[in-house]
Amino acid sequence: MGSNGIKHVRIDERLIHGQVATMWTNTIKTNRIMIVDDAVVKSDMEKVALKTAVPSGVKLSILTVKGAANNINNGKYEGQQVFLIVKSPHALRGLVDAGVELPQINVGNMSTKAGSRQIKKSVSVTEEDLEDFDYLLKKGIKITAQMVPSEDAVEFASLLKNKK
């Protein structure tokens with residue numbers, strides 16, 4: 001595991017909500033939640049909502065893919081326990097392209113959209129998502145699907161194989 005401070009990476013369209021805020025934060029003992037999303041950075045409403053949802057005692061960073069990659073690569077979070085949350089695998093692909101090492105990726109919630117197909121309860125993927133996941137898997141990053149810490153983690157690659 002790299003010393004870049006990233007402890008856990010999760011894809012969850014809802015970003016911070018009750019489940020994530022309590023269960024995951026406690027399970028991974030994080031002291032910083034980092035949201036990486038180019039659109040959220042520009043949305044004051046979403047930022048306010050996220051600040052309200054953060055568990056007490058946990059710091060919050062809301063960054064663009066570029067900003068997050070710069071901060072992480074410059075060692076800004078070394079020694080911290082960062083819980084990185086994104087809405088889709090595309091942001092993670094951007095981080096990896098920028099040289100960020102990710103420990104492993106946990107897929108939580110990806111809702112149904114036009115052109116997406118469900119591969120697991122609460123996980124639906126589009127062709128673009130599949131390309132991004134494929135790219136991340138080829139980089140050797142372990143990807144699992146797991147809604148809550150108490151649920152068994154499922155190998156994401158096997159979910160993709162079943163659905164092709």
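The values are calculated or read from the model by the stated rules, or taken from the named source; none is laboratory data. Keep in mind that this is a model prediction, so the values were computed, not measured. Note that each Cβ is placed from the backbone with ideal geometry, even for glycine, and that neighbours are counted across all protein chains shown. Note: areas computed on protein heavy atoms with side chains; ligands, DNA, RNA excluded. Shrake-Rupley method; radii C 1.70, N 1.55, O 1.52, S 1.80 Å.
A few notes on this one:
- Scanning the range 38-48 for residues that are out of contact with any His (no Cβ under 9 Å at 6 or more places or on another chain) and within 26 Å of SER150 (Cα to Cα) turns up nothing.
- Selection from the range 133-147 of residues that are within 22 Å of TRP24 (Cβ to Cβ) and in contact (Cβ under 8 Å) with a residue 40 or more places away in the chain: PHE133, LEU136, ILE141, THR144, GLN146, MET147
- Checking LYS42 against (1) modelled with pLDDT of 95 or more; (2) touching a helix residue (DSSP H, G or I) at 6+ places or on another chain (Cβ under 9 Å); (3) of a type in the set (Lys, Arg); (4) more than 20 Å from GLU78 (Cβ to Cβ), the condition it does not meet: (2)
- Scope the range 115-129; condition open to solvent by 100 Å² or more (accessible area, probe 1.4 Å) and over 18 Å from the mean Cα position of the chain (by Cα); matching residues: GLN118, GLU127
- On inspection, SER56 passes the criterion of being farther than 27 Å from LYS113 by Cα, without any contact (Cβ under 8 Å) to a residue 12 or more places away in the chain, open to solvent by 20 Å² or more (accessible area, probe 1.4 Å) and small (Gly, Ala, Ser).
- The residues on offer are SER150, SER124, and the sole one that is modelled with pLDDT under 95 and over 15 Å from LEU92 (Cα atoms) is SER150.
- Residue in the range 106-123 that is more than 21 Å from THR30 (Cα to Cα) and either touching a helix residue (DSSP H, G or I) at 6+ places or on another chain (Cβ under 6 Å) or among the aromatic types (Phe, Trp, Tyr) (or both) present: yes
- Residue among GLU101, GLU151 that is under 22 Å from VAL82 (Cα atoms), in a loop (DSSP other than H, G, I, E, B), out of contact with any helix residue (DSSP H, G or I) (no Cβ under 8 Å at 6 or more places or on another chain) and touching a residue at least 40 places away in the same chain (Cβ under 8 Å): GLU101
- Of residues in the range 130-147 being in a loop (DSSP other than H, G, I, E, B) and either of a type in the set (Val, Ile, Thr) or at pLDDT 95 or above (or both), the one most open to solvent (accessible area, probe 1.4 Å): LYS139
- Applying a threshold of 7 Å to beta carbon distances and a minimum spacing of six or more residues, or different chains, the list of pairs starting in the range 112-132 at a residue that is of a type in the set (A, V, I, L, M, F, W, C) and ending at one that is outside any loop (DSSP other than H, G, I, E, B) and open to solvent by 30 Å² or more (accessible area, probe 1.4 Å) reads ILE119/LYS163; VAL125/ARG117.
- Subset of the range 1-29 [in contact (Cβ under 8 Å) with a residue 60 or more places away in the chain, open to solvent by 40 Å² or more (accessible area, probe 1.4 Å) and more than 19 Å from THR144 (Cβ to Cβ)]: SER3
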